[in-house]
Amino acid sequence: MDIRIGYGWDSHAFKPGVPLRIGGLSIDHPEGLAGHSDGDVLLHAITDALLGAVSAGDIGSFFPPGDPRWKDADSAIFLDLAKEEIVNAGYRIVNLDTTLVLNAPKIGPISGEMRERVAELLGIMPANVGIKAKTPEGLDANHVAQAHAVVLLERIEEPGEIDTMSAVMQSQRELEDVVRDLVSQVHGVPVKAPFDTDDIT
Ligand code: MG
């Protein structure tokens, strides 16, 4: 399979006296998002989208909320693990799209900076990151921030490239056999291969 899709969602309640972190940015606001970690609702949704794209479970299975190691943790740590999981599975990010749902603060004025920061954390171009925001009209969710994220992955190595490499290696081995046979015919003694190339993997 060459491409895979992943989807993530998260929500956190606002709480007075807590620093607000969204999309890896510290945002000046009277309230922050309550959570065991830094409560970065957007990075949590993106982490779940990445893990989901390679069927690697979810953020809670890697970082249980009760674990004291993740108390007030920077959510970029969660994102790093998800990045590792997709690379280990043989994939890279094509693009990412997200939607935040919250009443305040207004995301529009900082969406460009947030896009740059998320792209930096993911190691991709800002042009491949979408940051959108909506207010929770009719949802009775004025004191909550929600985040949705969808990500598209592609295989790092195309199967065609692997086939081509195998064909080149096979033809090189065949050529070595032919040269060895010719040399042994000329000298009348069999020439031993310096090493068995099949053993070098
Ligand atoms: Mg969360």
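Is it true that Val118 is in contact (Cβ under 8 Å) with a residue 40 or more places away in the chain, open to solvent by less than 60 Å² (accessible area, probe 1.4 Å), within 24 Å of Gly35 (Cβ to Cβ) and touching a Ser or Thr at 6+ places or on another chain (Cβ under 9 Å)?
yes
In the range 33-50, is there at least one residue being modelled with pLDDT of 95 or more, open to solvent by 40 Å² or more (accessible area, probe 1.4 Å) and within 14 Å of the ligand (Cβ to nearest atom)?
The answer is no, given that none of the residues of the range 33-50 is modelled with pLDDT of 95 or more, open to solvent by 40 Å² or more (accessible area, probe 1.4 Å) and within 14 Å of the ligand (Cβ to nearest atom).
If I filter the range 82-94 for residues that are within 16 Å of the ligand (Cβ to nearest atom) and farther than 17 Å from Glu154 by Cβ, do I get at least one hit?
No, there is no match, as no residue in the range 82-94 is within 16 Å of the ligand (Cβ to nearest atom) and farther than 17 Å from Glu154 by Cβ.
Which condition breaks for Leu25 when tested against (1) under 26 Å from Gly90 (Cα atoms); (2) in contact (Cβ under 8 Å) with a residue 60 or more places away in the chain?
It fails just one condition, (1).
Considering only residues that are farther than 21 Å from Val151 by Cα and of a type in the set (A, V, I, L, M, F, W, C), look in the range 64-101 and name the one that is surrounded by the most Cβ atoms within 10 Å (Cβ to Cβ).
Residue satisfying both the conditions and the ranking: Trp70.
Go through (1) within 16 Å of the ligand (Cβ to nearest atom); (2) more than 18 Å from the chain's Cα centre (by Cα) for Asp28 and report which single condition fails.
(1)
Those residues that are more than 23 Å from Ser11 (Cα to Cα), modelled with pLDDT of 95 or more and among the aliphatic types (A, V, I, L, M), I need them from the range 107-166; list them, please.
Ile124, Met125, Ala127, Leu153
List every residue pair whose Cβ atoms sit under 7 Å apart, with the two residues 6 or more apart in sequence or on different chains, where the first one lies in the range 53-69 and is assigned by TED's automatic domain parsing to the domain that holds Lys83 and the second, anywhere, is within 14 Å of the ligand (Cβ to nearest atom) and of a type in the set (D, E, K, R).
Pairs that qualify, where the first residue is assigned by TED's automatic domain parsing to the domain that holds Lys83 and the partner is within 14 Å of the ligand (Cβ to nearest atom) and of a type in the set (D, E, K, R), are Asp58/Asp48; Ile59/Asp48.
Could you list, ordered by first residue, the pairs with Cβ atoms under 8 Å in which the first is in the range 4-19 and of a type in the set (Val, Ile, Thr) and the second is away from the ligand (no atom under 11 Å from the Cβ), at least 6 apart or interchain?
What qualifies is Ile5/Ala53; Ile5/Val150; Ile5/Val151; Ile5/Leu152; Ile5/Leu153; Val18/Glu31; Val18/Gly32.
Give the residues of the range 65-101 that are within 22 Å of Asp38 (Cα to Cα) and of a type in the set (Gly, Ala, Ser), sorted by residue number.
Gly66, Ala73, Ser75, Ala76, Ala82
The values are calculated or read from the model by the stated rules, or taken from the named source; none is laboratory data. A quick note: this is a predicted structure, and the numbers were derived from the prediction, not measured. Note: ideal-geometry Cβ built from the backbone for every residue, glycine included; neighbour counts use all protein chains shown. All accessible areas refer to the heavy atoms of the entire protein, side chains included, with ligands and DNA or RNA removed. Shrake-Rupley method; radii C 1.70, N 1.55, O 1.52, S 1.80 Å.
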